[in-house]
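Notes follow once the structure below has been shown.
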Amino acid sequence: MYIGRFAPSPTGPLHFGSLVAAVASYCDARKNNGQWLLRMEDLDKPRTVKGAADTILHQLESFGFEWDGPVLYQSERDSFYHDALAALKAKLLIYPCTCTRKEIHDSSIAFGIEGVIYPGTCLQQPIKPNAPIAWRIKSDNVKISFHDAIQGQISQTLNTDIGDYILKRADGLFAYQLAVVVDDAAQGITHVVRGADLLDSTPRQIYLQRMLGYQSPMYAHIPVATNAAGEKLSKQTLAKAIIDECAAELIINVLEFLGQHPEKTLNNASLQDIWHWATHHWDIQKVPRTRTIPVQL
Ligand code: GLU
Ligand code: ZN
């Protein structure tokens with residue numbers, strides 16, 4: 001049984017970087033006779049661009065992706081995130097925090113892999129009355145290890161590498177880390193194939209899965225596409241939207257990027273033939289751990 005997924009954030013149209021994640025997760029699912037589900041991560045309403053979700057669905061369709069079942073929209077799932085947070089609260093694993101960013105920076109003495117570590121202020125003293133409340137999970141002195149199908153053995157000690165992390169923000173939005181765990185479980189995801197920019201988030205997600213009594217999926221983190229300046233391709237780095245007319249050529253470029261060595265004969269082939277080749281020849285062992293060659297855009 002294999003259930004995979006692609007979970008774009010609708011902050012703009014798909015670009016080469018997001019196409020890489022779509023192709024890798026799709027090929028891995030189809031090669032393993034699995035399902036491939038779609039989820040729109042439109043949780044961060046301020047960052048969500050109106051119409052981008054529909055644009056992405058149209059792009060996927062014209063590129064020839066075939067997804068299974070209905071698309072899940074995170075914007076419609078607050079009640080499920082709320083229930084998960086309540087379950088963690090009942091287990092005394094989370095606590096309210098009213099610290100501002102500045103207060104945390106001024107009082108923190110420890111650094112982790114993502115910057116300052118929350119010093120636990122609100123665990124030790126009463127929270128400020130009438131201040132907006134964020135909810136944090138106690139990170140605990142727990143070592144999370146997992147085997148990534150591409151990146152190999154990964155380990156993190158949550159309290160020294162990350163610190164107590166936010167599950168619900170002070171502005172009322174649920175955090176990505178909580179939503180992704182609730183939704184991967186709700187959709188029955190068995191295999192997560194996504195960009196290596198999320199590798200450092202995975203131990204946080206595995207910890208939540210354990211605390212919520214969910215099974216952890218298998219993980220494979222593909223190399224991240226960068227521009228000539230070494231920046232991850234994103235809307236912020238002005239990655240160009242991919243255009244439908246170039247679908248066949250782009251998919252071949254993505255397969256090349258993913259180390260699959262597409263046959264020369266595919267250069268003039270139809271989309272259908274390219275997908276046939278890609279989903280039958282997909283070999284996750286061939287995917288490189290990192291990619292230093294910038295993508296020409
Ligand atoms: N929505 C995330 C992104 O577009 C991906 C989340 C995931 O695959 O877990 O970067
Ligand atoms: Zn605090």
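The values are calculated or read from the model by the stated rules, or taken from the named source; none is laboratory data. Everything quoted here is computed from the prediction, not taken from an experiment. Quick reminder, even Gly has a Cβ in these numbers, built from the backbone with ideal geometry, and neighbours come from all protein chains shown. These area figures cover heavy atoms from the full protein model, side chains too; ligands, DNA and RNA do not enter into them. Shrake-Rupley method; radii C 1.70, N 1.55, O 1.52, S 1.80 Å.
Numbers below:
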read-out: Segment 214-295: relative contact order in percent, alpha carbon pairs under 8 Å with at least 6 residues between; value: 44
read-out: Chain lengthening between Lys91 and Arg289 when straightened (0.36 nm per residue, less Cα-Cα); value: 67.5 nm
read-out: At R0 = 45 Å, FRET efficiency that the Cβ-Cβ distance of Thr100 and Ser62 yields, to 0.05; value: 0.50
read-out: Heavy-atom surface of the chain, accessible at 1.4 Å and reported per residue (Å²); value: 49
read-out: Long-range HN-HN contacts of Ile222 with modeled amide H, under 5 Å; value: Arg194, Gly195, Ala196
read-out: From phi via Karplus (6.51, -1.76, 1.60), per-residue ³J(HN,Hα) for segment 125-139 in Hz, x at Gly/Pro; value: 9, x, 6, 6, x, 6, 9, x, 9, 9, 10, 10, 9, 5, 7
read-out: Relative contact order of the chain, pairs being alpha-carbon contacts under 8 Å that are 6 or more residues apart, as %; value: 23
read-out: CD proxy at 222 nm, helix term only [per DSSP H run n ≥ 4: -39500 (n - 2.57); per residue of the chain; nearest 500]; value: -9500 deg cm²/dmol
read-out: Share of carbon and sulfur in the accessible heavy-atom surface of the chain [1.4 Å probe, %]; value: 53
read-out: Orphan Cys of the chain, criterion: no other Cys C-beta under 4.7 Å; value: Cys27, Cys99, Cys246
read-out: Antiparallel DSSP beta bridges within segment 1-120, as percent of all bridges there, nearest 5; value: 25
read-out: Solvent accessible area, Å² - Asp283, 1.4 Å probe, full protein context; value: 50
read-out: Fraction of beta bridges assigned by DSSP in the chain that are antiparallel (%, nearest 5); value: 60
read-out: Förster radius 30 Å - calculated FRET efficiency between Gln215 and Ile127, Cβ distance, rounded to 0.05; value: 0.30
read-out: Residue-by-residue Karplus 3J(HN,Hα) for segment 3-12, coefficients 6.51, -1.76, 1.60, Hz, glycine and proline x; value: 10, x, 7, 10, 10, x, 8, x, 9, x
read-out: Rounded FRET efficiency, nearest 0.05, which uses the C-beta distance separating Asn268 from Ala110 and R0 of 45 Å; value: 0.20
read-out: Rounded tilt (10° steps) of 202-212 against the dominant C-alpha axis of the chain; value: 60
read-out: Partner lysines for Lys128 [C-alpha distance under 22 Å; skip if fewer than 8 residues away on the same chain]; value: Lys89, Lys102, Lys138, Lys168
read-out: ³J(HN,Hα) computed for each position of segment 72-88 - Karplus, 6.51 cos²θ - 1.76 cosθ + 1.60, integer Hz, glycine/proline x; value: 8, 10, 5, 5, 9, 10, 3, 5, 6, 5, 4, 5, 5, 4, 5, 5, 6
read-out: Compactness of the chain as Cα Rg over 2.2 N^0.38 Å, two decimals; value: 1.05
read-out: Loop sites in segment 198-295: trypsin sites (Lys or Arg not before Pro), DSSP, at most 14 other Cβ within 10 Å; value: Lys240, Arg289
